[in-house]
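To keep things clear, I will list the structure first and then write my remarks on it.
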Amino acid sequence: MTTTKKWYAVYTRPRWEKKVTHSLTTKKIESYCPLNMVQKQWSDRKKIILEPLFNSYVFVFAESKEFTAIKQSDGVINFVHWLGNPAVIREEEIDAIRNFLLEYKNVKLEKGDVNISAHVRIASGPLMDVQGKVIEIGQKTVKVYLPTLGYQMVARIEKSNIELLKGNAVTHTLAS
């Protein structure tokens with residue numbers, strides 16, 4: 001039995017990401033709201049809180065027949081569209097987000113135009129064997145581009161864990 005379910009992004013009312021996820025779950029629609037562990041500082045204390053990684057976005061794993069129920073959920077504004085259709089998010093990107101958030105805390109998102117340079121493969125860690133385009137490599141910082149969403153996730157990854165690729169062949173490993 002093949003499934004026609006795919007991952008999509010829905011745009012939500014501001015600060016409704018968790019409520020939308022809960023609402024979709026009660027409708028038996030699989031959803032994913034990536035939560036980021038962030039340390040907040042108040043005048044008298046510090047506290048670790050979970051806040052949505054993507055403001056006003058929730059991912060849903062659904063078939064087209066579920067679209068109406070999703071759009072009628074409280075807090076859902078609409079599907080994110082690409083070329084006039086709901087944008088399909090590749091499962092590899094959802095998995096990369098999940099693995100990224102398991103490994104790294106206090107992740108920051110940057111929105112912007114991307115100059116694509118080297119094609120790389122992650123050699124170890126939670127994103128092992130994921131290939132992509134390097135946006136920038138600092139001393140220990142690598143920016144990973146998620147093309148469907150147009151966001152970059154920023155985390156500290158050892159350069160020794162990044163391999164440059166030429167076509168499909170590994171040319172060499174960057175030294176630390």
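FYI, it's all coordinate maths here, none of it is from the lab. It should be emphasised that the depicted structure is a prediction, and the values quoted were computed from it without experimental measurement. Virtual Cβ from ideal backbone geometry, glycine too; neighbours counted across all protein chains shown.
With a Förster radius of 35 Å applied to the beta-carbon distance between N85 and E51, the computed FRET efficiency rounds to 0.70.
Our summary of shape: the Cα atoms of the stretch 6-89 have principal axis extents of 50, 28, 18 Å, ordered from largest down, in whole angstrom.
Residue-wise HN-Hα couplings along the stretch 54-68, as the Karplus relation 6.51 cos²θ - 1.76 cosθ + 1.60 with θ = phi - 60° gives them from phi, are 9, 5, 6, 10, 9, 9, 10, 10, 8, 9, 4, 5, 8, 4, 4 Hz; Gly and Pro carry x.
Please arrange Y104, Y8 by how many other C-beta atoms lie within 10 Å of their C-beta, fewest to most.
Neighbour counts put them in this order, fewest first: Y104, Y8.
The H on the amide N of E30, modeled in the peptide plane, is under 5 Å from the matching H of F61, each at least 5 residues off or on a different chain.
Backbone geometry of the stretch 74-88 corresponds, through the Karplus equation with coefficients 6.51, -1.76 and 1.60 at θ = phi - 60°, to 3J(HN,Hα) couplings of 4, x, 7, 8, 5, 6, 6, 10, 9, 6, x, 10, x, 5, 8 Hz, x marking Gly and Pro. Close amide H pairs (under 5 Å, H built 1.01 Å from N) link R90 with no residue at least 5 positions away or on another chain.
Pairs from the table (K47/K105; K19/K47; K65/K108; K40/K71; K5/K71) lying more than 24 angstrom apart at Cα are K65/K108; K40/K71.
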